[in-house]
Structure formats: C-alpha cells, structure tokens
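The values are calculated or read from the model by the stated rules, or taken from the named source; none is laboratory data. What you are looking at is a predicted structure, and each value in this text was computed from that prediction instead of being measured. A quick note on method: Cβ atoms are made from the backbone with ideal geometry, for glycine too, and the neighbour counts reach across all protein chains shown.
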Amino acid sequence: MNCEVCQLKELEVESFEIREVLRCILHTIVFHRALGLIRPKDIDLELFEITYVQCGEIEVEKKIDEKIDQFISWIEKHPNKKSQICLSFYEVKSKQPSWFTNKIERLYWEQWYINLNVLQPTKSPVGKSHHSKLVMDPGGHCLSNPFKMSYSKS
C-alpha cells in the first residue's frame, strides 16, 4: 500500500499560539478525512481571526487536546528546538503471529508532518489570551510516540 506524505512548511509560532495553531490544523485535516456520519462544528479562532471546522465528536476533540498537551509539555522541557508532530492515517490488519512479528500490522495510507519553530517567549500581546491538542484513531488504536497522532480506517 502506498503512503501519501504531506510535509507542511515550517511555522514560526510563539508558545501561547501552539495550542490554537495545532487545533486548527489537526481538526481541519481530520475533518477532511472523516469516515462516516459527522456533525460539522464551526470554531471561531479569535487569536488569528479565522474559522475552522471540527468533526463534532467529543472523543476526537479530547484525544487531539490530550496529544497537544503532551506536545506542549515536551516543548516546555526542550526549549529552543524545532518540533514536529505527525498525524497518520492507517488501516489495521491482523496477520499470522510469528517469532519476530506482532499480530497487528498498521498499513499507513497518509501521513501529515507539521513542523513548528517555537519562538522565544515574549510579552503577551495585549488583548490576546493564552487559552486553549495522535496518538489517536477512531478505531481506538494508539501509538506510543506522543508526537505521532494516528487514525485508522474502520
């Protein structure tokens, strides 16, 4: 199976922008790849004065927020480093177990790499807030790498 890889250009963000930037990008990608019935939900992003769409699934929102929180924690512990988050879509196939292989195989069909360069903290702009981010997939399959978000086809 071929895997489509989408490498987004590096984004320069300040630390207080990370959460909203990732929410916007990740939810937009997930919305466009959603399988099955969804209830679109418009989200107004006041920080950048744009609107994006979420799938309207509480579980998806929670999982994305959880992974963004983990990503932000990693960035706080490793300042001055460029960072990358990968959102992967895959199909889960069961295969015959053997001595050196797992019972489950993930066949990736699409991966999105989001590159962030977090600028050094500066004073927060007046009027902008610091409020509010797989591994996640609709089938409940998660990867152990906290900066790799994954979705599987059901």
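Residues considered: V5, V30, V13. Of these, the only one that is more than 19 Å from K81 (Cβ to Cβ), among the hydrophobic types (A, V, I, L, M, F, W, C) and touching a helix residue (DSSP H, G or I) at 6+ places or on another chain (Cβ under 9 Å) is V30.
Please enumerate the residues belonging to the stretch 53-70 that are within 19 Å of C6 (Cβ to Cβ) and either of a type in the set (K, R) or modelled with pLDDT under 90 (or both). Residue satisfying the conditions is K67 alone. Of S73, S94, all but one fail to be out of contact with any Asp or Glu (no Cβ under 7 Å at 6 or more places or on another chain), more than 24 Å from C3 (Cβ to Cβ), among the hydroxyl-bearing types (S, T, Y) and surrounded by fewer than 15 Cβ atoms within 10 Å (Cβ to Cβ); the exception is S73. Applying the criterion of at least 2 residues that are under 18 Å from the mean Cα position of the chain (by Cα) and among the hydrophobic types (A, V, I, L, M, F, W, C) to the strands (runs of 3 or more DSSP E) found wholly in the stretch 1-116 leaves 4-7, 11-14, 41-45, 82-94. One residue stands out among those in the stretch 107-120 that are of a type outside the set (F, W, Y) and surrounded by fewer than 16 Cβ atoms within 10 Å (Cβ to Cβ): the one that is farthest from Q7 (Cα to Cα), which is Q120. Is it the case that the stretch 130-145 has a residue that's under 22 Å from C24 (Cα atoms), part of a loop (DSSP other than H, G, I, E, B) and either modelled with pLDDT of 85 or more or of a type in the set (D, E, K, R) (or both)? Yes: the stretch 130-145 contains one or more residues that are under 22 Å from C24 (Cα atoms), part of a loop (DSSP other than H, G, I, E, B) and either modelled with pLDDT of 85 or more or of a type in the set (D, E, K, R) (or both).
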